[in-house]
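The values are calculated or read from the model by the stated rules, or taken from the named source; none is laboratory data. These numbers were taken from a predicted model, which means no experiment stands behind them. Every residue, glycine among them, receives a Cβ derived from its backbone with ideal geometry; neighbour counts consider all protein chains shown. Calculation scope for accessible area: heavy atoms of the full protein, side chains included, ligands and nucleic acids excluded. Shrake-Rupley method; radii C 1.70, N 1.55, O 1.52, S 1.80 Å.
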Amino acid sequence: MSDRRQRVFSGIQPTGEAHLGNYLGAIRNWVELVDDYDCLYCIVDLHAIITEYEPSEMQERVFDLAVSLLASGLDPERCTLFVQSDVPEHTELAWIFNTVTPLGELGRMTQFKDKSRGRESVSAGLLDYPVLQAADILLYRAGLVPVGEDQFQHLELSRDIARRWNVRFGELFPEPQPLVGHAPRILGVDGASKMSKSAGNTIPLLAEPDEIGKRLATAVTDPDRVRRNDPGNPHVCNIFALHGHFSPAGVREEVEARCQTATIGCVDCKRKLASHMAEDLAPIRERARALREDPDRVYGILDAGAARCRRLARDTLEQVYEHMGLARRHVPAPAG
Ligand code: TYM
């Protein structure tokens with residue numbers, strides 16, 4: 001039976017452990033969408049090879065991420081989870097999109113500018129990354145893309161690519177819109193920049209309670225609260241922001257009031273957060289442990305996801321080739 005629900009697509013890189021930025025900014029929303037949309041979620045390994053990586057670790061990273069996603073509540077009966085390199089059509093469509101993407105727009109991407117700054121040599125892949133991302137989404141003609149704020153610019157480019165292709169070859173692709181969740185930008189433990197693996201400021205989603213405690217212990221709080229008896233401002237403090245995602249309302253109100261009156265110190269405030277965070281994430285850690293024991297189940301889910309996506313992808317590419325005059329039936333009939 002065909003699924004008539006609107007299609008959602010999103011991707012995540014297997015760059016080591018998923019962290020709380022990924023979880024709060026994206027994965028949690030992915031889980032919420034599965035009943036209302038036809039959701040495709042992709043482990044984008046072909047994106048992850050753009051920066052230096054160790055080939056012998058890649059499969060473990062993909063497996064660990066699949067475990068984290070399933071453990072976070074993605075139910076394979078209600079959504080499709082797959083690995084990008086299992087569906088070669090992603091790169092096929094990326095090539096096609098390269099032909100309608102202005103070079104200047106790629107050079108203006110903030111992530112490209114950040115990642116290439118100060119480097120002697122920059123790969124064409126780093127520049128081309130958002131074109132592959134556009135292909136990921138448009139291959140499935142997905143209209144909605146749940147992402148954190150850092151991906152908005154890439155999505156804008158995806159819309160631009162869809163528009164340019166449609167104008168040139170005929171209406172085929174929707175212009176994908178971002179779906180913003182409850183936490184579009186989670187800061188790292190430095191309290192200053194986006195939580196990300198490359199900034200080294202993460203709390204891993206599957207961190208054990210003592211690890212959570214350790215990471216939070218070094219976290220930056222209100223910089224103006226220098227001494228224990230200085231009143232603090234919870235609204236500039238990342239620890240307070242994180243309480244908002246993990247602690248019950250009563251605890252949030254208590255730490256807010258006590259921070260402002262200097263009747264709680266940052267150390268205690270962090271301990272409370274660590275304990276609620278560890279408790280909230282415990283079921284995910286539990287499920288991840290069980291899934292790790294059952295790799296056949298995990299690979300079975302990924303294989304089934306890839307099989308479905310290959311069918312969908314082939315169908316789109318056939319239409320793309322048709323519109324572009326690349327399908328065999330365009331060979332002119334012999335004269336005479
Ligand atoms: P990636 O792997 O960096 O991140 C995966 C998802 O997590 C979100 N995210 C955050 N949200 C809030 N606060 C943070 N600190 C934070 N860190 C990460 C990201 O916004 C993202 O939604 N280019 C993408 C992967 C990708 C993709 C796609 C996404 C490839 N193809 C197609 C959507 C559609 C990336 O590197 O995400």
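Work out how much length residue 230 to residue 275 would gain on full extension: take 0.36 nm times their residue separation and subtract the Cα-Cα distance, in nm to one decimal. Don't jump to the answer; show the numbers that get you there.
Numbers: separation 45, 0.36 × 45 = 16.20 nm, distance 2.45 nm.
Going from the current span to full extension adds 13.8 nm.
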Check: Just 277, 324, 195 to compare: in a GNM of the chain, with alpha carbon springs under 10 Å, which one fluctuates most?
Finding: 324
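Leaving out ligands and nucleic acids, note down the accessible area per residue over region 209-288 with a 1.4 angstrom probe, in whole Å². Intermediate results must be reported in sequence, preceding the final value.
On the way: 4210 Å² over 80 residues.
In whole numbers, region 209-288 has 53 Å² accessible per residue.
If R₀ is 25 angstrom, what is the calculated FRET efficiency for the pair residue 328 and residue 307, using the beta carbon separation as r and rounding to 0.05? List each step's numbers first, then the result.
Numbers: r = 25 Å, r/R0 = 1.01.
That pair, residue 328 with residue 307, gives E of 0.50.
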Next item on the list: Please calculate the 1.4 Å probe accessible area of residue 113, with all protein chains present, and give it to the nearest 10 Å².
Entry: 100 Å²
Notebook entry, point to check: Given H placed on each backbone N at 1.01 Å, which residues far from residue 195 in sequence or on other chains put an amide H within less than 5 Å of it?
Noted result: 186, 187, 188
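With viscosity set to 1.306 mPa s and temperature to 10 °C, compute the Stokes-Einstein D of region 209-288, Rh being the Kirkwood radius across alpha carbon pairs; µm²/s, no decimals. Kindly include the intermediate steps, with their values, before the conclusion.
On the way: Rh = 12.8 Å.
Taking Rh from Cα pairs, D becomes 124 µm²/s.
Which entries of 115/194; 214/270; 214/272; 194/272 show an alpha-carbon separation above 19 angstrom in the structure shown? Mind dumping the intermediate values first?
Details: 115/194 14 Å; 214/270 10 Å; 214/272 13 Å; 194/272 23 Å.
Among 115/194; 214/270; 214/272; 194/272, the Cα-Cα distance tops 19 Å for 194/272.
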Next item on the list: Would you calculate the separation in nanometres between label points at residue 182 and residue 51, each defined as 7 Å from the Cα along the Cα-to-beta-carbon direction?
Entry: 2.8 nm
Next item on the list: Throw me the Rg/Rh for the chain, computed over C-alpha atoms with Kirkwood Rh, two decimals.
Entry: 1.03
Notebook entry, point to check: So what's the Cα pair-distance distribution over region 173-239, bin width 5 Å, in %?
Noted result: 3, 14, 18, 20, 16, 12, 7, 4, 3, 1, 1, 0
Next item on the list: Could you check which residue among 155, 103, 138 shows the biggest mean-square fluctuation in a GNM of the chain with a 10 Å Cα cutoff?
Entry: 103
Note to self: So in the chain, which Cys have no other cysteine's beta-carbon sitting under 4.7 angstrom from theirs?
What the structure shows: 42, 237, 259, 266, 269, 309
Note to self: Explain nothing, just compute: Karplus ³J(HN,Hα) = 6.51 cos²θ - 1.76 cosθ + 1.60, θ = phi - 60°, for every residue of region 168-176 in order, whole Hz, x for Gly and Pro.
What the structure shows: 6, 10, x, 4, 9, 9, x, 9, x
Next item on the list: Pop out the carbon and sulfur fraction of the accessible area of the chain as a percent, whole number, probe 1.4 Å.
Entry: 51 percent
Next item on the list: Give the distance, in whole Å, between the Cα centre of region 1-61 and the Cα centre of region 248-281.
Entry: 31 Å
Check: Under 5 Å between amide H atoms, partner at least 5 residues away or on a different chain: which partners does residue 81 have, H built in plane at 1.01 Å?
Finding: 41, 305
Check: To the nearest 20 debye, what charge dipole does the chain have about its Cα centre, counting +1 at the Cβ of each Lys and Arg and -1 at the Cβ of each Asp and Glu?
Finding: 580 debye
Next item on the list: List, in order, the whole-Hz ³J(HN,Hα) value for each residue of region 178-186 obtained from phi through the Karplus relation with A = 6.51, B = -1.76, C = 1.60 and θ = phi - 60°; use x for Gly and Pro.
Entry: x, 10, 8, x, 6, 9, x, 8, 9
